[in-house]
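The values are calculated or read from the model by the stated rules, or taken from the named source; none is laboratory data. From a predicted model like this one, the values you see are computed outputs, not experimental measurements. In this analysis, Cβ positions are derived from the backbone assuming ideal geometry, glycine residues included, and neighbour counts consider all displayed protein chains. Just so you know, the surface numbers come from the protein's heavy atoms only, side chains and all, with ligands and any DNA or RNA stripped out. Shrake-Rupley method; radii C 1.70, N 1.55, O 1.52, S 1.80 Å.
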Amino acid sequence: MCGIFGCVLKEGLAAPLIHSSLKRLEYRGYDSVGVATIRDGKIYLKKDKGKIDEVHRLMNLDDLPGNVGIGHTRWATHGAPLKVNAHPHSDCSGEIVVVHNGIIENFSELKLEMENIGHNFVSKTDTEVIAHLIEERVSKNPELDLVNNVSEAVKRLDGSYAIAVISSKMASKVICARKESPLVLGVSENGVYFASDIPAFLPITNKAVFVEDGEVVELSATGYVIRKIEDLSLVTREPKTVDWSPEMAVKQGYPHFMLKEIHEQPLTLRNTLRLQEHYLDLISTFLDRAQEVFLVACGTSYHACLAASYMFSKLAFLPTYPVYSSEFLEQHGKSVNIDSTILAVSQSGETADTLAAVTCAQQRAATVLGLTNVIGSTLTRVSRVYIGQQSGPEIGVAATKTFTSQLSVLAQLALRLSKKRGKISQDEMDFIAERLERLPDIVESIIQTQEAKIKRIAKKYEGSQIFFFLGRGISTATAYEGRLKLMEIAYVPSIAFPAGESKHGPISLIEKGLPVVFICARDGTRKTLVSNILEMKARGASIISILEEGDEEIKALSDDYVEVPKGIPEVLSPIPFAIPLQLLAYYVTLEKGQNPDTPRNLAKSVTVK
Ligand code: AGP
């Protein structure tokens, strides 16, 4: 998730405007920044790795001539956050320049094709191939205009993109195109603008035109022309007036980043289904060959590891040991060895306890693998192989979209391991893979159909002094995550246990009306789970069940329930079943009048041990 912005102005310099607008998009990515402008058929370009203010201090991003320009602030997905991978990217001649937000899935084969016909690539990004594809089109079809050649070039792309292109041969225009990644235009007296998000141009104009999937746009001093990429047929669309404050705009109209990020999960889950096969294969090969596997992490990431231990065992018969990073040295520091493999999971890639566990393992020659959301983070630098989960920046302190993305990546690794080891039938593997593909839509429908209900449940129980979260099997991990969310942002003391454990002590806390949240994914634990519900009910607990649509038996036992679409394999259940728990924590926090984005005593990344 990067931020792109650009403009065609009637008067004035484009660069200072691009600089200040990218600043308003910096929440989308801050690994590197770049600006390119045109004047008199010559392209001027400045880019470097680092935050916008740092790069501006170094090379003055305002100091480029011309009233036409494009810019980019990056969240690295392909290629480390280095200057060479910063956008904009050029073709071989430097006359065609592109900025891009999204993921080009087939970039490797397109790059090979371009290299085989003589194109030279300088970066490790997926984006650079777009500039060379357009260059190839233009060289073969010089008679056609840029909008035509760009449309034909993007037809070759699989994946998601919002791009903007300038060419020294077409000095007064910018061409944009969109497929899935967000793209919106701004219109004012003095010019026309494109951006990944409205905040970028809101201080300039609140007249916005939303670009749809499969559309290409030509921006010029006379305005904008939208066409269908497929056949270049014209599309007319009037600007809409956006009545948002700049602060609201950064949150895309959501009151808090946490709610925005919960609603982003269909998109971020789709992104996890576009990871580079090569790294998924490499990591699953290391896991397959490992003598022993430790899954090491903190907080929410640890809950993803706990769920993964069920996935690896059930799908690939691979035993793994989920370990709290802060306990790794004490628990395994002496036994970890050259035959050990550590899969360290950390969305920030900077959590000190996790890095300390990694250092300990490395000192004993163990193999370290990494799963993170921040390319270029310390974890990516110390891992033998790592994979980026591509969730985009997570601003809310409470991890939400990064949790479900971690689970999706870990499930994909478990499926590959299961394929390598042939432990389950092809039909079962295909069924789980097919459901994994459908999870983004399933999560979308849970948010749409259940959010209002969860809000009512939160209002009903916001005064409770304590909450229980119980699940069996892999849902134990889901229950732990529900507990952590409610504790860390609503400050409500919460207890979570494998449901079977509750009667070995914690049940003594149960009294009339105490809310007990049961995670009721359909799996082999059903019978015992129902008896756990009955045990709690018998002691007066209020039963709140997260259950499958049509589960009348548990509905009948519940005081309140939230429904999740049916037919979700148990090994994938923590993803959809986590959504209602995220929303419950969010709305209880609101009922208590607290800000879910900035909980007390907590930071987004814990870099002290
Ligand atoms: C989760 O909502 C918290 N922000 C926290 O527990 C977090 O998961 C933990 O600090 C681990 O962070 P990491 O994934 O960046 O390593």
Checklist entry - Does the stretch 373-380 contain at least one residue that is farther than 29 Å from Gln265 by Cα, more than 13 Å from the ligand (Cβ to nearest atom) and open to solvent by 20 Å² or more (accessible area, probe 1.4 Å)? => result no
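Matching residues to (1) buried (at least 21 other Cβ atoms within 10 Å of the Cβ); (2) farther than 25 Å from Asn271 by Cβ; (3) within 17 Å of the chain's Cα centre (by Cα):
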{"position": "Ile70", "(1), (2), (3)": "yes, no, no"}
{"position": "Thr73", "(1), (2), (3)": "yes, no, yes"}
{"position": "Ser93", "(1), (2), (3)": "no, yes, no"}
{"position": "Ile96", "(1), (2), (3)": "yes, yes, no"}
Next on the checklist: Kindly evaluate Ile533 against the criterion of being open to solvent by less than 10 Å² (accessible area, probe 1.4 Å) and of a type in the set (A, V, I, L, M, F, W, C).
Outcome noted: yes
Item to check | helices (runs of 4 or more DSSP H) lying entirely in the stretch 192-287 (those with 1 or more residues that are in contact with a strand residue (DSSP E or B) (Cβ under 7 Å, 6 or more places away or on another chain)) | outcome: 265-272
Checklist outcome for this item: Selection from the stretch 85-130 of residues charged (D, E, K, R) and in contact with a helix residue (DSSP H, G or I) (Cβ under 7 Å, 6 or more places away or on another chain) yields Asp91, Lys111, Lys124, Asp126
Checklist entry - Does Tyr587 qualify as being open to solvent by less than 30 Å² (accessible area, probe 1.4 Å), under 20 Å from Arg456 (Cα atoms) and touching a Lys or Arg at 6+ places or on another chain (Cβ under 6 Å)? => result yes
Item to check | Any hit, the stretch 98-120, residues being surrounded by fewer than 20 Cβ atoms within 10 Å (Cβ to Cβ), over 27 Å from the mean Cα position of the chain (by Cα), aliphatic (A, V, I, L, M) and assigned to a loop (DSSP other than H, G, I, E, B) | outcome: yes
Checklist outcome for this item: Those residues of the stretch 317-335 which are open to solvent by less than 20 Å² (accessible area, probe 1.4 Å) and either within 14 Å of the ligand (Cβ to nearest atom) or acidic (Asp, Glu) (or both) amount to Val323, Ser325, Phe328
Checklist outcome for this item: For the stretch 170-218, the count of residues that are modelled with pLDDT of 95 or more, open to solvent by 10 Å² or more (accessible area, probe 1.4 Å) and of a type in the set (Ser, Thr, Tyr) equals 1
Checklist entry - In the stretch 536-555, is there at least one residue being within 21 Å of Ile432 (Cα to Cα), touching a Leu at 6+ places or on another chain (Cβ under 7 Å) and part of a helix (DSSP H, G or I)? => result no
Checklist entry - Do we find that Ala365 is within 16 Å of the ligand (Cβ to nearest atom) and either crowded, with 24+ Cβ neighbours inside 10 Å or not in a helix (DSSP H, G or I) (or both) in this structure? => result no
Checklist entry - Filtering the stretch 501-544 down to residues that are within 35 Å of the chain's Cα centre (by Cα) and among the hydroxyl-bearing types (Ser, Thr, Tyr), which residue is farthest from Ile457 (Cα to Cα)? => result Thr525
Checklist outcome for this item: Among the residues of the stretch 556-609, the number that are in a loop (DSSP other than H, G, I, E, B) and within 16 Å of the ligand (Cβ to nearest atom) is 16
Checklist entry - Quick one: would you say Ile338 is assigned to a strand (DSSP E or B), more than 13 Å from the ligand (Cβ to nearest atom), touching a residue at least 12 places away in the same chain (Cβ under 8 Å) and not polar (S, T, N, Q)? => result no
Next on the checklist: Just to confirm my filter: which helices (runs of 4 or more DSSP H) fall fully inside the stretch 392-491 and include at least 2 residues that are at pLDDT 95 or above, surrounded by fewer than 24 Cβ atoms within 10 Å (Cβ to Cβ) and of a type in the set (Ser, Thr, Tyr)?
Outcome noted: 426-461
Checklist entry - Any residue in the stretch 294-316 that is out of contact with any helix residue (DSSP H, G or I) (no Cβ under 6 Å at 6 or more places or on another chain), open to solvent by less than 30 Å² (accessible area, probe 1.4 Å) and not in a helix (DSSP H, G or I)? => result yes
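If I ask for residues that are in contact with a strand residue (DSSP E or B) (Cβ under 9 Å, 6 or more places away or on another chain) and either open to solvent by 30 Å² or more (accessible area, probe 1.4 Å) or over 23 Å from Lys401 (Cβ atoms) (or both), which ones from the stretch 554-566 would you list?
Ile554, Lys555, Leu557, Ser558, Asp559, Asp560, Tyr561, Glu563, Lys566 - these are the residues of the stretch 554-566 that are in contact with a strand residue (DSSP E or B) (Cβ under 9 Å, 6 or more places away or on another chain) and either open to solvent by 30 Å² or more (accessible area, probe 1.4 Å) or over 23 Å from Lys401 (Cβ atoms) (or both).
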Checklist entry - If you go through the stretch 143-171 one residue at a time, how many are more than 24 Å from the chain's Cα centre (by Cα) and either of a type in the set (D, E, K, R) or not in a strand (DSSP E or B) (or both)? => result 15
Checklist entry - In this structure, is Glu488 in contact (Cβ under 8 Å) with a residue 60 or more places away in the chain, out of contact with any strand residue (DSSP E or B) (no Cβ under 6 Å at 6 or more places or on another chain) and not basic (Lys, Arg)? => result yes
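When the residues of the stretch 481-540 are narrowed to those that are acidic (Asp, Glu) and in contact with a helix residue (DSSP H, G or I) (Cβ under 7 Å, 6 or more places away or on another chain), which ends up nearest to the ligand (Cβ to nearest atom)?
Glu481
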Checklist entry - Gly500 passes all but one of (1) open to solvent by 20 Å² or more (accessible area, probe 1.4 Å); (2) over 25 Å from Gln412 (Cα atoms); (3) without any contact (Cβ under 8 Å) to a residue 40 or more places away in the chain; (4) in a helix (DSSP H, G or I); which number fails? => result (1)
